[in-house]
Amino acid sequence: MFDYFFALLHSWAPQLEINKYEHMVLEDLLKKGHAESDRKIGAGIEAFEIRNHPVFQSRCFFVRRVDGSSDDFSFRKCVDSILPLPEDMKIGNKSNGKKGGGHFKGGGGRGGGRGGGRGGGRGFRGRGRRGN
């Protein structure tokens with residue numbers, strides 16, 4: 001669930017309205033997962049947008065209400081209340097919920113990026129290669 005919303009947040013261009021399907025999914029997440037969903041929804045939801053947060057300088061979901069006002073909300077908090085996240089992915093930890101290595105798709109780990117995992121990569125004569 002976390003991966004779905006993380007990918008959604010990082011795959012859309014900022015300042016665009018989310019499509020109808022994703023709108024329904026985000027509305028459901030907000031209603032079921034946010035502790036103050038009634039306050040966040042207010043007079044009603046006109047659209048969801050992805051914007052850069054003015055304080056934290058990171059991407060964030062924003063709900064734009066029918067009265068023209070808008071507010072941000074944390075998908076991570078919503079997901080955590082529905083399906084508790086591991087401690088290292090909760091808000092307030094040093095990792096900030098990002099996956100190891102600083103790469104979008106979870107990167108890091110043993111491979112070192114770019115084809116280096118499990119003996120592959122430059123200079124290592126691992127599986128499938130014999131002699132010399």
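The values are calculated or read from the model by the stated rules, or taken from the named source; none is laboratory data. For clarity, every value in this text was computed on a predicted model and none was experimentally measured. Glycine also receives a Cβ, built like all others from the backbone with ideal geometry; neighbour counts cover every protein chain displayed.
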(request) Could you tell me whether PRO54 is in contact (Cβ under 8 Å) with a residue 40 or more places away in the chain and over 22 Å from MET89 (Cα atoms)? (result) no
(request) For segment 85-101, indicate whether the set of residues that are of a type outside the set (S, T, N, Q), in a loop (DSSP other than H, G, I, E, B), modelled with pLDDT of 85 or more and surrounded by 11 or more Cβ atoms within 10 Å (Cβ to Cβ) is non-empty. (result) no
(message) What's the number of the only condition in (1) crowded, with 17+ Cβ neighbours inside 10 Å; (2) of a type in the set (A, V, I, L, M, F, W, C); (3) in contact with a Lys or Arg (Cβ under 9 Å, 6 or more places away or on another chain) that ALA43 fails to meet?
(response) (1)
(message) Restricting to segment 37-60, and then to whatever is under 14 Å from HIS10 (Cα atoms) and touching a Ser or Thr at 6+ places or on another chain (Cβ under 8 Å), can you tell me which residue is modelled with the lowest pLDDT?
(response) ASN52
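Okay, residues lined up against (1) part of a loop (DSSP other than H, G, I, E, B); (2) surrounded by 16 or more Cβ atoms within 10 Å (Cβ to Cβ); (3) of a type in the set (Phe, Trp, Tyr):
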site	(1), (2), (3)
ASP3	no, no, no
PRO14	yes, no, no
ASP28	no, no, no
LYS31	no, no, no
GLN57	yes, no, no
CYS60	no, yes, no
VAL63	no, yes, no
(request) Give the residues of segment 40-50 that are under 18 Å from ARG76 (Cα atoms) and either out of contact with any helix residue (DSSP H, G or I) (no Cβ under 8 Å at 6 or more places or on another chain) or assigned to a loop (DSSP other than H, G, I, E, B) (or both), sorted by residue number. (result) GLU49
